[in-house]
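No value in this document is a laboratory result; all are computed from the given coordinates. Quick caveat, the model's predicted, so the values are computed rather than measured. Here the Cβ is made from the backbone with ideal geometry for all residues, glycine too, and neighbour counts use every protein chain on show.
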Amino acid sequence: MCRVIVICNQKGGVAKTTSTVNLGIGLVKEGRKVLLIDADPQGSLTASLGYVEPDELKTTLATIMMAVINEEEIQPTDGILHHKEGVDLLPGNIELSALEVIMGNVMSRELIMKEYVEQLRERYDYILIDCMPSLGMITINALVSADLVLIPVQAAYLPVKGLQQLIKTISMVKRRLNRKLQIQGILLTMVDFRTNYAKDIASRVHETYGAEIEIFHTVIPFSVKAAEASAEGISILTYCPGNKVGIAYKNLTQEVLSYEN
Ligand code: ADP
Ligand code: MG
């Protein structure tokens, strides 16, 4: 059974892309078949897997969604790239921005990505969708396609506020468009354990949301190695296996796998 997890937070710089890469490759290392989908016009996921010019790619999520809109025939494997660490990638680029505008007039516009993702479910154990920092139509499409939402939250000043809007959007999608959608959990990222401040925020997130939403036991620490790995186009698991961020993503992988049963 395939699980589609959307990595979503309308705030930028909270480690959505980093979490998509390292959880995705973590799952591959545990023998799962994994597809990553880049649903951000910035193409950061695509770039951080070594495809440094996302805008040059011919077939991307945008062209696939355009084909769905125009009811053109597509092969489910069109445009999928195979990364050396064993993960598959459907890249994304700037064309997603134009698509977002075009979609204003498309019939059943919330369901376009789902139509595509459904065709891929039989090929993968996990499909991870990396969202852009907004709650626009592409992100809604990702939420409609998904089973689970993973919400990375940076342990920094008041992440708490922005989460309300996200949770509201998720509930609305669940009520109107995708009954089976569940929040898998909040993932605290870039935690600097040396500061009391980070601990304070962690406990604040627990107080505010713990009753309502799962919070992953694993927290992702802060380390500059995370940025270095993405500059190399590989996961931190491979770039620097003993690093605390890599170890944390391995633990997160185990936590996600524990929900399989
Ligand atoms: P988002 O996709 O939410 O915008 P990114 O994954 O691109 O966030 O991360 C934002 C920045 O923070 C990037 O430069 C990334 O390399 C860096 N980063 C991500 N995780 C960590 C971490 N655990 N420690 C330090 N820096 C990190
Ligand atoms: Mg990103």
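Distance between the 7 Å Cα→Cβ label points at residue 228 and residue 98: 3.9 nm.
Counting Lys and Arg as +1 and Asp and Glu as -1 over every other residue whose Cβ lies under 14 Å from the Cβ of residue 72, the net charge comes to -4.
Taking loop as defined by DSSP and a crowding limit of 11 other beta carbons within 10 Å, which trypsin sites (Lys or Arg not before Pro) in segment 1-90 fit? Don't jump to the answer; show the numbers that get you there.
Numbers: sites: 3, 11, 16, 29, 32, 33, 58, 84; in loops: 11, 32, 33, 58, 84.
Filter output for segment 1-90: 58, 84.
For trypsin sites (Lys or Arg not before Pro), the sites in segment 152-210 that DSSP calls loop and that have at most 15 other Cβ atoms within 10 Å are 179, 180, 194. Kirkwood analysis of the Cα pair distances in segment 28-164 returns a hydrodynamic radius of 15.6 Å. Between rounded, prolate and oblate, where does segment 193-256 land on the alpha carbon gyration tensor, with a ≥ b ≥ c its root eigenvalues, rounded for a/c under 1.5, else prolate if a/b exceeds b/c? It comes out prolate by the Cα gyration axes. Using a Debye calculation, one point per C-alpha and no hydration shell, please list log10 I(q)/I(0) for segment 65-142 at q = 0.16, 0.18 Å⁻¹ in order. Ignoring solvent entirely, the Cα scatterers give -0.64, -0.81.
Only Lys, Arg, Asp and Glu carry charge here, each on its Cβ (+1 for the first two, -1 for the last two); on that basis the chain has a dipole of about 960 debye about its Cα centre. A run of the chain free of exposed loop cleavage sites, with chymotrypsin sites (Phe, Trp or Tyr not before Pro) counted only in DSSP states other than H, G, I, E and B and at most 16 other beta carbons within 10 Å, reaches its longest extent at 1-156.
In a simple Cβ point-charge model (Lys, Arg +1; Asp, Glu -1; nothing else charged), segment 1-117 has a dipole of about 620 debye relative to its Cα centre.
Couplings 3J(HN,Hα) of segment 113-121, computed from phi: 5, 4, 4, 6, 4, 4, 5, 9, 4 Hz, in residue order, whole Hz [Karplus 6.51 cos²θ - 1.76 cosθ + 1.60, θ = phi - 60°; x for Gly and Pro].
Projecting the Cα atoms of 129, 210, 60 onto the charge dipole of the chain (Cβ charges, centred on the Cα centre) puts 210 farthest toward the positive pole. Exposed loop positions in the chain were taken to be GluC sites (Glu not before Pro) whose DSSP state is not H, G, I, E or B and which have at most 12 other beta-carbon atoms within 10 angstrom. Between these positions, the longest stretch is 74-211.
If each residue of separation counts as 0.36 nm, what is the full-extension length gain between residue 164 and residue 247 once their alpha-carbon separation is subtracted?
Details: separation 83, 0.36 × 83 = 29.88 nm, distance 3.01 nm.
Separation in residues times 0.36 nm, less the Cα-Cα distance, equals 26.9 nm.
Only one residue of 83, 103, 69 has its Cα farthest out toward the positive end of the dipole of segment 69-132, where Lys and Arg carry +1 and Asp and Glu -1 on Cβ, and that residue is 83. Axis angle, to the nearest 10 degrees, between helix 16-29 and the longest C-alpha principal axis of the chain: 90 degrees.
Remark: segment 3-258 is approximated by an ellipsoid whose semi-axes, taken from the C-alpha gyration tensor as √(5λ), come to 28, 22, 16 Å, largest first.
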